[in-house]
1. Using a label point 7 Å beyond Cα on the Cα-Cβ vector, give me the inter-copy distances for A:ALA192 in nanometres, one decimal, shortest first.
2. As an exercise, use a Förster radius of 56 Å and the Cβ-Cβ distance of B:ARG241 and A:THR185 to find the FRET efficiency, rounded to the nearest 0.05.
3. Which one, A:VAL313, A:VAL133, A:VAL396, has the greatest fluctuation when you compute a Gaussian network model over chain A with C-alpha springs under 10 angstrom?
4. Give the long-range amide H neighbours of A:ALA190: residues separated by 5 or more places, or on another chain, with amide H under 5 Å away, using H modelled in the peptide plane at 1.01 Å from N.
5. How much accessible area is lost when chains A and B come together, counting both sides, with a 1.4 Å probe, in Å² rounded to the nearest 100?
6. Projected onto the charge dipole of the protein assembly as shown (+1 at Lys/Arg Cβ, -1 at Asp/Glu Cβ, origin at the Cα centre), which of A:VAL289, A:THR63, B:ALA94 gives the Cα projection farthest towards the positive end?
7. Are there GluC sites (Glu not before Pro) in the stretch B:217-262 that DSSP puts in a loop and that have at most 16 other Cβ atoms within 10 Å, and which ones?
8. Report, ordered by chain and residue number, the aspartates and glutamates lying within cross-link reach of A:LYS7, taken as a straight Cα distance under 18 Å and ignoring same-chain residues fewer than 8 apart.
There are 2 protein chains.
Amino acid sequence: MRTRPLKVALLGCGVVGSEVARIMTTHADDLAARIGAPVELAGVAVRRPSRVRAGIDPALVTTDATALVKRGDIDVVVEVIGGIEPARTLITTAFEHGASVVSANKALLAQDGAALHAAAGEAGKDLYYEAAVAGAIPLIRPLRESLAGDKINRVMGIVNGTTNFILDKMDSTGAGYQEALDEATALGYAEADPTADVEGFDAAAKAAILAGIAFHSRVRLDDVYREGMTEVTSADFASARNMGCTIKLLAICERAADGGSVTARVHPAMIPLTHPLASVRGAYNAVFVESDAAGQLMFYGPGAGGAPTASAVLGDLVAVCRNRLAGATGPGESAYAALPVSPMGDVVTRYHISLDVADKPGVLAQVATVFAEHGVSIDTVRQQGRPDGGGEASLVVVTHRASDASLSGTVEALRNLDTVRGVASIMRVEGE
Amino acid sequence: MRTRPLKVALLGCGVVGSEVARIMTTHADDLAARIGAPVELAGVAVRRPSRVRAGIDPALVTTDATALVKRGDIDVVVEVIGGIEPARTLITTAFEHGASVVSANKALLAQDGAALHAAAGEAGKDLYYEAAVAGAIPLIRPLRESLAGDKINRVMGIVNGTTNFILDKMDSTGAGYQEALDEATALGYAEADPTADVEGFDAAAKAAILAGIAFHSRVRLDDVYREGMTEVTSADFASARNMGCTIKLLAICERAADGGSVTARVHPAMIPLTHPLASVRGAYNAVFVESDAAGQLMFYGPGAGGAPTASAVLGDLVAVCRNRLAGATGPGESAYAALPVSPMGDVVTRYHISLDVADKPGVLAQVATVFAEHGVSIDTVRQQGRPDGGGEASLVVVTHRASDASLSGTVEALRNLDTVRGVASIMRVEGE
């Protein structure tokens, strides 16, 4: 074994960073044996040095992250500060000064992955980011390496633990959205401002990263259709149960049937209780992958948290250190397929639509005609009068597969019918 | 991209081999883009050339596998013939003549993994074998690379699809073992001689491989305790249901609580219906991994079949080809921890024991005394008279955690009690 250590600079020492530093210390011998050389924490860049946790040598701590990545003797920069800047500049500076980079920064990778990969490629260094998607779950490496000889057609996953906790709570207790969110906040699963989670921004960033890797194409954050889950109601869960389904916030990346384009989207959807993703409880994540040869695979585990995320960072750190010792680099960005990303209107799936309609003869015929005119085939209709009377009834329509554009046209036309008082909810049905 | 192709020799062209050849042809452009150079099928060694399938150039087919691996211009040998010989000699010969090797041979890896890794190391070549465990499920790469910075404490999995199909059938239809086996045979899930599957030999080979990788130690096939599932009865499933459990054939690899030793075993066990492994149906496989930092992870997918296994082989082929182009090798055997493998008697778990006892006062006290004398603490006891009378009753005991040696001593002593007519079944309870 080489005795001269590889030097690691840690950018950020919050929940994840402090776990990375802790494991580097407590598992130093294991890491050295697995890498073939010891690794040494050479510097820790933080914003507030007073907050650095126990176990880290104060002499290593600096507030000057730029100087740290420019030192020139750093082998690997571990970036766990998150956000776009200064992370982006620090990473490109690290490459320019000879370091490889391990990052957990989903927002940055989703927005600027191509530029960062290009910078890594020019410098001949590694950029690894297993921790950026689904925390500790090994996902990027399996997609990029284990399935490198296969053709992936679909990646569908629960990639945000906060929203899964909320939806699971609503499903199991009948709680409303706000009540479930409050509990998630109290338990530390949701942040004070939960927008990034509940509006699907976090999941959309992960969908962009996953789609790019799965399809060997570039998919930017802006390419991902996004709908949050703040409008999911107890009534939606009741409807889902009637169909033998539950509701999950899904990130879905698909290759079109003709192979010539891809789509990526994040939205709440009904999935059958028999689908493996339906049983993913609490704040866990899981990603379901469908490929030509391997068939259906699922990867399941904790999607966030300091220790799980640190596990993914350290797995990358070992790989990058091994590559450096071998004078090699791992697989870089693979975007050779250059498939266009189709708009949401082209997505084909099934829909569950609840309408409030006038309770009188002929309404069903009118509604069915609108669906037919837009080429949307109806699978089942359930019609029921309201217990409070009042001349209104509800109509639940489940469609066969249709394009999102056709469905939107249908809904638009339904809203213009005199007999349709309102569209109570529209939800996609996946996983069948 | 390099234009000179990497040359691949395929040993075996059965269900898996012919899929590998097919995908190498149909996905040639994708593979070239992912590797950075084209790959070319340079030879296919088979036993019966008349059986070689459509799509393979007859000029490539040979019955002289030894001459093929000795050619000297082969970059990667893909071994999918299975069994110990001639596979072992062909693989070591391939290394001696400059090739790297991708293998799907679990029996050989479990028995001679150390020697093969040593041969690869001496030759400076790669030995990859993702397909040897759980077919297409990316498992070896995640354990060996993604979790390289973590400490794995437990690997528990359903790694044999045939037996999972049989047990799932027994559970869902109430069928007996023989009836379920017959159906598995008729559907092609079980071979004409199902011994390797139903007696747990196949799962034990996979357990040895997984334990070695998870614990960075050498675990041989002989180190794995093995019990088949041919004696699982409908009555056992009824008992399991009473406990909110089902029965699975599990491969379990554990690090002892003090970290100083490991165990590996294969046997049927009750697991709670709420455990993620309980919902693995049909011939699917799934492996549950517990580590210090990542927590609980699960990997799920098809455990066998031509196309899924070929997917895993091709993922390895891409990695090995990339390594060759970079002049590097991937991670070799990691056995630095050199932990001893403890015997089955040291394993600590819970037990479900059904006893046929005389239906008279005092029997429960006698039985409970025997458990206490052997240091096995009882969790619950359920006692019931037989509907046919006859002076016999059944007693179902579920224990707290105890060593397998203590439990064996207990059962031995129970058999010696006059009031115990027989021990109807003993089953371990896992996953709680």
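1. Nearest first, the other copies' label points are 7.3 nm away.
2. Details: r = 39 Å, r/R0 = 0.70.
Rounded to the nearest 0.05, the efficiency is 0.90.
3. In the Gaussian network model the winner is A:VAL396.
4. A:THR185
5. Numbers: alone 18050 and 18090 Å², together 32410 Å².
Accessible area lost upon association: around 3700 Å².
6. B:ALA94
7. On the way: sites: B:GLU227, B:GLU231, B:GLU254; in loops: B:GLU227, B:GLU231.
Those satisfying the criteria are B:GLU231.
8. Candidates past the 8-residue exclusion: A:GLU19, A:ASP29, A:ASP30, A:GLU40, A:ASP57, A:ASP64, A:ASP73, A:ASP75, A:GLU79, A:GLU96, A:ASP126, A:ASP316.
The values are calculated or read from the model by the stated rules, or taken from the named source; none is laboratory data. These numbers were taken from a predicted model, which means no experiment stands behind them. Reconstructed Cβ throughout: ideal geometry from the backbone, glycine too, with neighbour counts over all protein chains shown. Please note that ligands, DNA and RNA were not included when accessible areas were found on the heavy atoms of the full protein model with its side chains. Shrake-Rupley method; radii C 1.70, N 1.55, O 1.52, S 1.80 Å.
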